[in-house]
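Participant: One structure, as structure tokens, below. Some questions next.
The values are calculated or read from the model by the stated rules, or taken from the named source; none is laboratory data. In this text the structure is predicted, and so the values were computed from the model without any measurement. Surface areas here come from the heavy atoms of the whole protein model, side chains and all, with no ligands, DNA or RNA. Shrake-Rupley method; radii C 1.70, N 1.55, O 1.52, S 1.80 Å.
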Amino acid sequence: MTNRKGSDFAGVGVAIVTPFRDGALDVETLKKQIEFQISSGTNFLVPVGTTGESPTLSHDEHERVIGEVIQLAAGRCKVMAGTGSNSTAEALRLTKRAAKEGADASLQVAPYYNKPTQKGFYEHFKAIAEEVGIPHCVYNIPGRSAKNIEPETIARLSELPNITMVKEATGSLDP
């Protein structure tokens, strides 16, 4: 049996919160979260996705959380860094930085606020996939982005070699 795209991320992935104390990143609490997840058998960690409040972090905070999680995980589990943005240029910048730091994959949230067309979604994710060689997970979360990535667009994106996963958060089980 051959591996399927994304099979390197089979198992349990945990989106972690970004802890703060007195207005600054609480690295000690972050370390405790990472150690707990790894000791519990988590296969991969997802820092600074929407659970990690990525839209509310400064660029420096966002980059620091990703770097800290990669260092703390130290290869004991994979790291899928939340590097998506409503700006393609910002998503590219963050994704390149995360890949350079050692992220195993990226989580790419659907551009929020902009309400792109299906072609716009495709072009956004394609630009990231073509420029950064790590696996990418497309995150469809219309409750936060105000727009659904349609199945036809997901199918088209799946033809790109390093778009390997989809995090589906529509809450709909309709075909």
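Participant: Determine the percent antiparallel among the DSSP beta bridges restricted to the chain, to the nearest 5.
Facilitator: On the way: 2 of 19 bridges.
Looking only at bridges with both residues in the chain, the antiparallel portion is about 10 percent.
Participant: Still on this structure, I have one more. Where the centroid of each part is defined by its Cα atoms, how far is the range 1-58 from the range 84-114 in Å?
Facilitator: Taking the Cα centre of the range 84-114 as reference, the centre of the range 1-58 is 15 Å away.
Participant: Further, regarding this structure: Quick check: the angle from helix 118-131's long axis to the longest principal axis of the chain, C-alpha only, nearest 10 degrees?
Facilitator: Taking Cα atoms only, the helix is inclined about 50 degrees.
Participant: In addition: Nearest 10 degrees, 0 to 90: what angle lies between the long axis of helix 88-101 and the longest principal axis of the chain (Cα atoms)?
Facilitator: With both axes taken from Cα atoms, the answer is about 50 degrees.
Participant: A follow-up question, please. Once you have the Cα-Cα distance between L160 and E53, take 0.36 nm times their residue separation minus that, and quote the gain in nm to one decimal.
Facilitator: Net length gain for the segment: 35.7 nm.
Participant: Of the accessible area of the range 30-175, with the probe set at 1.4 angstrom, what percent is carbon plus sulfur? Write down the numbers at each step before the final one.
Facilitator: Numbers: 3650 of 7100 Å².
Carbon-and-sulfur percentage of accessible area, whole number: 51.
Participant: Tell me, what is the per residue accessible area of the chain in Å², probe radius 1.4 Å?
Facilitator: 53
Participant: Amide H neighbours of H136 under 5 Å, at least 5 residues apart or on other chains, H built in the peptide plane: list them.
Facilitator: Excluding prolines and chain starts, which carry no amide H, the hits are S106, I163, T164, M165.
Participant: Rounded to the nearest 500, what is the 222 nm mean residue ellipticity of the chain from helices alone, with -39500 (n - 2.57) per DSSP H run of 4+ residues and division by all residues?
Facilitator: -11500 deg cm²/dmol
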